[in-house]
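Let me give you the structure first, and then I'll get to my questions.
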Amino acid sequence: MVNNMRLTREERQAGIYIKSLIIAKDNQGNIVRVMSPQACTLWVNDGASWLLDATIEPSEKNTSGIYATTKATEARKYLGTLCKVVLSGVVIEHETGARGQRARLLEVGK
């Protein structure tokens, strides 16, 4: 579990961001569903992790991609649990975060 939702410099350099996600768990505490509340998009479990692929590759000319932020205060604007995710593929950096082609759930906050 993530106790402190601050990112270290090393995490930021590794492409790790904060994202608000809706997390559903079973009676044993296992994650059974992950959803991005902004787009109502279900994440996929590949057996090892929860993943999401953008339908359109992000670029400087579009607004596509999976949005995540470096600041918990930004992520708290959305419904859900604050989580750490890693963005990969094409990643477009912004002032307070980034948009990525793919995202993988790393840690779920309390």
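The values are calculated or read from the model by the stated rules, or taken from the named source; none is laboratory data. Predicted model only: the values in this text are computed from it and were never measured. Heads up, the Cβs are rebuilt from the backbone with ideal geometry, glycines too, and the neighbour counts pull from every protein chain shown.
Of all residues being surrounded by 14 or more Cβ atoms within 10 Å (Cβ to Cβ) and touching a Lys or Arg at 6+ places or on another chain (Cβ under 8 Å) in segment 23-42, which is farthest from LEU82 (Cα to Cα)? Just the residue, please.
ILE31
When only residues in segment 1-38 that are of a type in the set (Gly, Ala, Ser) and touching a strand residue (DSSP E or B) at 6+ places or on another chain (Cβ under 9 Å) count, which is farthest from THR73 (Cα to Cα)? Steps first, answer last, please.
Step one: list which residues in segment 1-38 are of a type in the set (Gly, Ala, Ser), which gives 14-15, 20, 24, 29, 36.
Now narrow it down to the ones that are touching a strand residue (DSSP E or B) at 6+ places or on another chain (Cβ under 9 Å): 14-15, 20, 24, 36.
Details: ALA14: 21, GLY15: 18, SER20: 10, ALA24: 22, SER36: 17 Å.
Among residues in segment 1-38 that are of a type in the set (Gly, Ala, Ser) and touching a strand residue (DSSP E or B) at 6+ places or on another chain (Cβ under 9 Å), the one farthest from THR73 (Cα to Cα) is ALA24.
Could you please find all residues in segment 55-88 being crowded, with 16+ Cβ neighbours inside 10 Å, of a type in the set (A, V, I, L, M, F, W, C) and at pLDDT below 95?
Within segment 55-88, ALA72, ALA75 qualify.
Moving on to the next point. Report the residue count in segment 1-47 for those that are small (Gly, Ala, Ser) and touching a residue at least 12 places away in the same chain (Cβ under 8 Å). Before you say what the answer is, go through the steps one by one.
From segment 1-47, those small (Gly, Ala, Ser) are 14-15, 20, 24, 29, 36, 39, 47; that's our starting set.
Filter once more, so that each one left must be touching a residue at least 12 places away in the same chain (Cβ under 8 Å): 14-15, 20, 36.
Within segment 1-47, residues that are small (Gly, Ala, Ser) and touching a residue at least 12 places away in the same chain (Cβ under 8 Å) number 4.
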